[in-house]
Every structure is written in C-alpha cells, then in structure tokens.
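Enquirer: Quick one: the structure is below, and I'll ask about it shortly.
All of the numbers you see were taken from the coordinates with simple rules; none came from a lab. Note that the structure is a prediction, hence the values are computed from the model and not measured. Don't worry about glycine lacking a Cβ; one is built from the backbone with ideal geometry, like all the others, and counts go over all protein chains shown.
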Amino acid sequence: MIASKKETFELLKKHNLIANKKFGQNFLINYETIKKIVSQSEITPNSLVIEIGPGLGALTQELLNISKQVIAIEIDKKMIKVLQENFTNQENLKIINEDFLKIDLNNLIEQYSKYQEVIIISNLPYYITSDILEKIISLKNKKITKIVTMMQKEVGKKLLKKEDKIESYLKVLIDNYCTVNTIMHVSKNDFEPRPKVDSIVLKININNDKYLLDDYFYKIIKECFKGKRKTLLNTLPYDKEKIKEIFKQLDIKETVRIDEITIKQLKDIIERSK
C-alpha cells in the first residue's frame, strides 16, 4: 500500500527522490483519507477518471481498483518512472508526462469517447489551484461532471462561502456553473513532507446546463482581475466618460474596484455600456 508513511519513505529512498517544492509535492500517507476521497467520487463503469499530479501513485492505486480507465497526468519526470514501475502492465492506466495546464483536455477526452462522463480527481498543488480549476470549469466540456479535489483549507473555505461581491474570477465560475460540498478536512500530519497548513477535500459538481452569464461577461471579468488593484473605471474597456455617467446612475463610486461590486452591478454596467 503506497499510502503509508513506511512505503512512501521506502519509495523515495529507493528512487533517490525528495519532494519537489517547485511542483508543490506533498505525499498523502493516510489510506483512510484516500479511501474516502475515492468512495465519494461516485465512479461508475461509465466514468473516465483523470487524475492530476499522481506523484508516487497513492491515490492512483485506489482509483485503479474501481475505475475502468484512469488517466494520470504528472509533470515531474522522476515521478513518471516511479508510476511506471509501480503499475507495470496495468491496462486501465494511461500515464502522461505533461503540465496539465498545457494539455488539450477536449482532445484527450475525445480519445476516450466511449465513456459517458469524466471525473477529475486531484490533490492540487497550492500554488496553482485556481489556474487548474479555472481551466477545467471554463472549458464547458459537457462530459466533465465533477471535480473531487484536495486544496489548502483557507482556499477551499473561500470557494464555499456565499458572497455577493465578485471575489475572484474562479469564484464567479463556480457560483454560476457549480455546486460545492465538503467531503472532509485533512490534517497536515497526513502528508509527507508535512505542509504548514491543513487541507480540505471538496466535491465540485458542474452543471453544464446552468449558463447564467455569457462568454463576453466572463471575458470582461477576467480582464478586470488582471488589473485588480486598479479602479474599475480604469480596467473596463469602455469610454471613461460614459462609465462615469453609468456609475452615477447606479450610485457607484468612481474609485470602486472589481472585487468591491456585485455580479448584478457589473451586469448593469456592461449592459448600459454596450
């Protein structure tokens, strides 16, 4: 069993490896945690499972027991060698050595068209959590039904929070396309090496029929967050004098930033600016 402190240390020693901080590697050493993550993923014979960042393969090992097809995407070449050795001749496993953010996900899913749904599972590196979730959700691939993911506890709590203000581009995507539930909290002591913070496992169900906002709206929000520290007046791609007049009509201060207004207010601004 890979998901144990003893086996993890032995694998790292055998392959002369250490956790790579560059890739945010922290290896799960609690099998009960892995078992719960997989059981809550609701994998069926019709599910294609994509695992992001399998590392040594602790979660992969459990996924292979119940899934007909697992695609493990790992950026670290050193981990690829470990995975290939651990799962030699495992017919229901495809290992890809690539940065997930560079993968053509639509094309990959199309190669496995016989599966009716795609479930994405991962222990996400803290530094890149938002980028990965944004890529998956904004893709709007109708086969992707859920993301089961572990992340930094504080990040997860923000995604769960009900907030009228536009906190982030990711939060807008999740609020409008998804429902989010907590599967479990995970102690930092369940990892090797031990991170500084605790984690949370979330199940993000994607409702592909729930498109409350159009693509143009998302494009505007994304552009505004690139200049988050600037005022909304200076980031919106419209005539400033016209925006000032609209702000006045809506009783919005000219110094307001993107994360200080609501979705409804931004929709009103955009509609009146066109």
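Enquirer: Placing +1 on the Cβ of each Lys and Arg and -1 on the Cβ of each Asp and Glu in the chain, which of 177, 246, 90 has its Cα farthest towards the positive end of the resulting dipole?
Expert: 246
Enquirer: Here's a follow-up. With only Lys, Arg, Asp and Glu charged, each at its Cβ (+1 for the first two, -1 for the last two), find how big the charge dipole of segment 168-253 is about the Cα centre; round to the nearest 20 debye. Don't jump to the answer; show the numbers that get you there.
Expert: On the way: 17 positive and 12 negative charges, 95 e Å.
Using only the charged Cβ atoms, the result is roughly 460 debye.
Enquirer: While we're looking at this one, here's another question. For residue 238, list long-range residues whose amide hydrogen, built 1.01 Å from N in the peptide plane, is under 5 Å from its own amide hydrogen.
Expert: Under 5 Å from the amide H of residue 238 lies no amide H from a residue far enough along the sequence or on another chain.
Enquirer: Here is a follow-up. Let me spell out the model: positive unit charges on the Cβ of Lys and Arg, negative unit charges on the Cβ of Asp and Glu, origin at the Cα centre of the chain. What dipole size does that give, in debye rounded to 20? Working shown, then result.
Expert: Numbers: 48 positive and 38 negative charges, 120 e Å.
With Lys and Arg at +1 and Asp and Glu at -1, about 580 debye.
Enquirer: For a quick check: sort 79, 184 by the number of other beta carbons within 10 angstrom, fewest at the front. Can you show the working numbers first?
Expert: Working: 79 24, 184 14.
With the fewest neighbours first, 79, 184 line up as 184, 79.
Enquirer: While we're here: With a/c under 1.5 counting as rounded, go ahead and sort segment 215-273 into rounded, prolate or oblate using the C-alpha gyration tensor (a ≥ b ≥ c being the square roots of the eigenvalues; past the cut-off, prolate if a/b is larger than b/c, else oblate). Each step should come with its number before you reach the end.
Expert: Numbers: a/c = 1.42, a/b = 1.21, b/c = 1.17.
Since a/c stays below 1.5, the shape of segment 215-273 is classed as rounded.
Enquirer: Please give the contour-minus-distance gain from residue 88 to residue 198: 0.36 nm per residue of separation, less the Cα-Cα distance, rounded to one decimal in nm. Before the final figure, lay out the partial values.
Expert: Numbers: separation 110, 0.36 × 110 = 39.60 nm, distance 3.32 nm.
36.3 nm is the gain from fully extending residue 88 to residue 198.
Enquirer: Moving on. May I ask which of 161/188; 140/264; 36/140; 203/253; 13/143; 81/162 have a Cα-Cα span longer than 32 Å here?
Expert: With Cα atoms farther than 32 Å apart: 203/253; 13/143; 81/162.
Enquirer: Could I ask something else about it? Top mean-square fluctuation among 245, 51, 163, Gaussian network model of the chain, C-alpha springs under 10 Å?
Expert: Among 245, 51, 163, the largest GNM mean-square fluctuation belongs to 245.
Enquirer: Explain nothing, just compute: Karplus ³J(HN,Hα) = 6.51 cos²θ - 1.76 cosθ + 1.60, θ = phi - 60°, for every residue of segment 137-142 in order, whole Hz, x for Gly and Pro.
Expert: Along segment 137-142, the couplings run 6, 5, 5, 6, 6, 5 Hz.
Enquirer: Okay, next question. Would you tally the net charge around residue 153, using a Cβ to Cβ cut-off of less than 12 Å, leaving residue 153 out, and scoring K and R as +1, D and E as -1? Could the numbers behind the result be given before it?
Expert: Values: positive: 157, 158, 188, 196; negative: 154, 198.
Taking every Cβ under 12 Å from that of residue 153, the sum is +2.
Enquirer: Mind running the shape call on segment 5-206? Use the C-alpha gyration tensor, a ≥ b ≥ c as the square roots of the eigenvalues: rounded below 1.5 for a/c, prolate if a/b tops b/c, oblate otherwise.
Expert: Numbers: a/c = 1.66, a/b = 1.19, b/c = 1.40.
Oblate, because a/c is 1.5 or more while a/b does not exceed b/c.
Enquirer: Ok, one more. Could you name the aspartates and glutamates whose alpha carbon sits less than 12 Å from that of residue 94, not counting residues in the same chain fewer than 8 places away?
Expert: Straight-distance partners of residue 94: 51, 74.
Enquirer: If you count the DSSP beta bridges with both ends in the chain, what percent of them are antiparallel, to the nearest 5? Each step should come with its number before you reach the end.
Expert: Details: 19 of 41 bridges.
Restricted to the chain, the bridges split so that about 45 percent are antiparallel.
Enquirer: Sort the following peptides by mean Cβ neighbour count (other Cβ atoms within 10 Å, averaged over residues), highest first: 33-45, 187-199, 116-128.
Expert: Values: 33-45: 17.2, 187-199: 15.3, 116-128: 20.3.
Going by the mean number of other Cβ atoms within 10 Å, highest first, we get 116-128, 33-45, 187-199.
Enquirer: Can I ask one more? Helix 215-226 versus the longest principal axis of the chain: what angle, 0 to 90°, nearest 10, using Cα atoms?
Expert: That works out to roughly 90 degrees.
Enquirer: Return the whole-Å distance between the Cα centroid of segment 1-74 and the Cα centroid of segment 254-269.
Expert: Each part's Cα centre sits 42 Å from the other's.
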